[in-house]
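These notes concern the structure reproduced below.
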Amino acid sequence: MTRSFTLIAGAVFAAGLAACAATTPQQALTDKPAPLNPPPTKLTGYLAPGALDGAALLGPPPAPDSLRGQADRAHYEETRALQGTPRWSQAIADNDLWGGGALKQYSCKLGVSIDERQTPSTLRVLHRIELDVRTIGTPPKNLYNRPRPLIGDDKPVCIPREDWMKTNASYPSGHSMTGWAWALILAELAPAKADAMLSIGKSVGDSRAICGVHYISDIEAGRTLAAAMVAKLHGDPQFQRDMAKARGEMARAKAAPASCS
């Protein structure tokens, strides 16, 4: 792992833990949206462009006037009423995969802090997989170019409306891909905690619909593509070596994040 990434990633995660430790669990999930950007890195993903044909695997999203398309839209309309609820606040936390968001949830349920000090190889695997999500998920996004559900109305969403949302397509959901891929990998590294890992991964995806930035079918497509991507990764020798190191870390690591209690 590059030194710049490890220092920054560790600092970002530690800052998130420290901030949460100073609050109650209810205060930790505020309505302030978290940053979207991952830690800077010189790492690359494991997979080369074209390693998996996501567009062919998924096929197009539901047409707006189809039964599935109508159900997608109805779910978006119904979940706008969740603004201000605990589930809405959880969706805001899930929006930030890195600093005190989804990564912290996985750590707390594992009972092991995923950070540079205890588990650098595990952190490296997760970061490289997040980069693979972009490599594999971007081509179907660009091909199908499905508008996000929030485009064209002014209903509440859990993150600020920004211009990039008008051009960054909705299908498949990249957050859902990342959350599910991380869950599958962590379930493999810690089989006794598989149920908890998969539950968090599902929640991260579901939160994208609660948030109003993706349709349900975008999330389902993200999970499908994540599962295919993880299967593909198991044929990569570097991934296998990194996973072997990560297994050793998980077996040795003992301390849970301080703020989880």
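A short reminder: the numbers here are calculations on the coordinates, not readings from a lab. Predicted model only: the values in this text are computed from it and were never measured. FYI the Cβ positions are ideal-geometry reconstructions off the backbone, even for glycines, and counts take in every protein chain you see.
Both radii are taken from the alpha-carbon atoms of region 39-130; with Rh as the Kirkwood radius, Rg/Rh is 1.09. Rounded, prolate or oblate for region 79-130? Axes are the square roots of the Cα gyration tensor eigenvalues, ordered a ≥ b ≥ c, and the cut-off for rounded is a/c under 1.5. Since a/c reaches 1.5 and a/b is larger than b/c, the shape of region 79-130 is classed as prolate.
Cα gyration tensor of region 86-261, axes a ≥ b ≥ c as square roots of the eigenvalues: rounded (a/c below 1.5), prolate (a/b > b/c) or oblate?
Working: a/c = 2.38, a/b = 1.49, b/c = 1.60.
The shape class here is oblate.
Residues ARG223, ARG247, ranked from the fewest to the most other C-beta atoms within 10 Å, line up as ARG247, ARG223. Applying a DSSP loop filter and a limit of 11 other Cβ atoms within 10 Å to the GluC sites (Glu not before Pro) in region 96-165 leaves GLU162. Ranking of LEU97, LEU198, LEU47 by neighbouring Cβ atoms within 10 Å, starting from the fewest: LEU198, LEU47, LEU97.
Please work out the C-alpha center-to-center distance from region 119-137 to region 193-261 and express it in whole Å. So the two Cα centres are separated by 10 Å.
Would you mind ranking SER217, SER66, SER203, SER170 so that the residue whose beta carbon has the fewest other beta carbons within 10 Å leads the list?
Working: SER217 22, SER66 11, SER203 19, SER170 25.
The fewest-first ordering by Cβ neighbours comes to SER66, SER203, SER217, SER170.
In sequence order, region 220-234 has phi-based couplings of 4, 5, x, 5, 4, 5, 4, 5, 5, 5, 5, 4, 5, 4, 5 Hz under the Karplus curve 6.51 cos²θ - 1.76 cosθ + 1.60, θ = phi - 60°, and Gly or Pro positions carry x. From the residues GLY179, GLN105, PRO191, which one has its Cα farthest along the dipole of region 86-261 in the positive direction, the dipole being from +1 and -1 charges on Cβ of Lys/Arg and Asp/Glu about the Cα centre? Looking along the dipole axis, the top candidate is PRO191. A crude spin-label estimate for the pair ASP236 and ARG68, with each label 7 Å from Cα along the Cβ direction, gives 2.7 nm.
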